[in-house]
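Structure first, commentary second.
Nothing in this text is a laboratory measurement; each read-out follows from the coordinates by a stated rule. Since the structure is predicted, the reported quantities are computational estimates derived from the model, not experimental observations. Methodologically, a virtual Cβ is constructed for each residue, glycine included, from the backbone with ideal geometry; neighbour enumeration extends over all protein chains shown.
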Amino acid sequence: MNNNNFEIIVKTLAGLEPVLEQELVRIGAKKIKQLTRAVSCEGDNKILYRINYESRTAIRVLKPIVELRANNQEQLYDEIKNIPWENFLDCSKTFAINSVVYSEIFTHSGYVTLKVKDAIVDRFREKTGNRPSIDTKFADVRINIFIQKDVCKVSLDSSGTPLYKRGYKNKLGLAPLNEVLAAGMILLSEWDQKTDFVDFMCGSGTLVVEAGMIALNIPPQIKRDDFAFKNWNDYDANLWENIKEKARQQIRHEDDLECRIFASDISLSAITITRGHIKNAFSERIITTQKTDFRKLKLPETPKHIIINPPYGERLQKTDTDLFYEKIGNELKQKYSGSEAWILGGNLQSVKKIGLRPSKKKTLYNGAIECKFLKYEMYSGSKKKKYQ
Ligand SMILES: C[S@@+](CC[C@H](N)C(=O)[O-])C[C@H]1O[C@@H](n2cnc3c(N)ncnc32)[C@H](O)[C@@H]1O
């Protein structure tokens, strides 16, 4: 390991590990390894800051500081108290602890959080007579505890507010996608940024805004400046400014875009929200919006890269949901030959009613709902004949 390099754990959503790995390669991280809902790597502060600023699929970026073993609560307390916390925290700063526990010894994450807090506070009290305060919402320093069996990994959370909060969303539509999931779907779909991009059930516009940011190479966190690492003792303000400056220089001009982006929805309020989010993220010129039923949508006759996230139909009868997916299938076959479509479907039985055979299938989670992310290719002309 290079002297300034350290281990970094980047958390993401299930199914997005491969695209996060590609992002980390591009950013220049070393020793990259996919884990479950995370990717580990090595890098220095520059890499840590760049992941926070530039990764579209990272949820939070952790810097492990200690790995210890504990077989009971007392041992955990003692080991945590032995960590030189004054290197990371002082009494003028607030802190918060988040614990994730997979262990038969430690069964309650809330209790682990309490024990860790006691150990840190007691260390400060004994050494200085004073203690840093807890602030669960706006803590300066965030500590992450991950316990598996008897192994406890203590990390500093460099992100603070999770990275799916990009700062362009101020209104929630009906069942909006998480920004990290939307960006991950676009990256998984291998959109070439030359083919026109379409979401004809755009809701609050997450997919089209993320597509626009990808096409314009806008850093996902361009609107945000609160990152937990800025409260760390080793924070390097010059390095941070340089990273932001360099990334901003790479932003493409609107006139250099090689594709168009179309967003539509049957609901007027969804379109109003989408327009607001587009305006917050970049310029309204980038995306054409339209309030319309997807069956009435008329677009230029060029091949399209379609990504949609239809309603899950919890409130609909199964037959209605089946019929809805059948209509999506018919529409794709009739109007979009030569295009490809990716559908995030939460209703696995109804998705089959699309009546097209998916050429790729991935499992993703929209919150707690298991979804299939399916690719359909609507061949035209000779290719169609060949595949039929
Ligand atoms: C699950 S939401 C999409 C959420 C969106 N991806 C986001 O991030 O906000 C499904 C959307 O499909 C729209 N919708 C339902 N039926 C439609 C139809 N026939 N034509 C167009 N849009 C429709 C709804 O209005 C809703 O906004």
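Compare the Cα positions of THR321, GLN34, ALA237 along the charge dipole of the chain (+1 at Cβ of Lys, Arg; -1 at Cβ of Asp, Glu; about the Cα centre) and return the one farthest towards the positive end.
Working it through, the farthest residue towards the positive pole turns out to be THR321.
Would you mind ranking VAL10, VAL198 so that the residue whose beta carbon has the fewest other beta carbons within 10 Å leads the list?
In order of increasing Cβ crowding within 10 Å: VAL198, VAL10.
Any idea how far apart THR161 and ALA368 come out in nm if each label point goes 7 Å out from Cα toward Cβ?
My value for the distance between the label points is 2.7 nm.
Per DSSP H run of n ≥ 4, the term is -39500 (n - 2.57); total these for the chain, divide by its residue number, and report the mean residue ellipticity at 222 nm rounded to 500 deg cm²/dmol.
Working: 11 runs with 128 residues, N = 388.
Computed mean residue ellipticity for the chain: -10000 deg cm²/dmol.
Quick check: the distance between the Cα centres of segment 206-264 and segment 154-184, to the nearest angstrom?
Computed from Cα coordinates, the inter-centre distance equals 14 Å.
Toward the positive end of the charge dipole of segment 216-277, about the Cα centre and with charges on Cβ (Lys, Arg +1; Asp, Glu -1), which of LEU216, THR274, PHE227 goes farthest?
THR274
Over the chain, what is the percentage of antiparallel beta bridges among all DSSP beta bridges, to the nearest 5?
60
For GLU326, GLU17, what ranking results if the residue with the fewest other Cβ atoms within 10 Å of its Cβ goes first?
Result, fewest neighbours first: GLU326, GLU17.
Round to a whole angstrom and tell me the spacing of the C-alpha centers of segment 39-69 and segment 269-284.
Computed from Cα coordinates, the inter-centre distance equals 31 Å.
Starting from the Kirkwood radius over alpha-carbon pairs of segment 6-157, derive D by Stokes-Einstein at 25 °C in a medium of 0.890 mPa s and give it in µm² s⁻¹.
Details: Rh = 16.2 Å.
Answer from the Stokes-Einstein relation: 151 µm²/s.
Do you know the relative contact order of segment 6-157, to the nearest whole percent, from alpha carbon pairs under 8 angstrom that are 6+ apart?
After rounding, I find 25 percent.
Which distance in nm do the two modelled labels at GLU86 and GLN249 give, with both placed 7 Å along the Cα-to-Cβ direction?
That separation, rounded to one decimal, is 4.2 nm.
Taking just the alpha carbons, could you work out the radius of gyration and Dmax for the chain, both in angstroms?
Cα radius of gyration and Dmax of the chain are 23.5, 80 Å respectively.
For ASP225, ASP157, what's the fewest-to-most ordering of other Cβ within 10 Å of each Cβ?
By the 10 Å Cβ count, ascending, the order reads ASP225, ASP157.
If contacts are Cα pairs under 8 angstrom and at least 6 residues apart, what is the relative contact order of the chain in percent?
14
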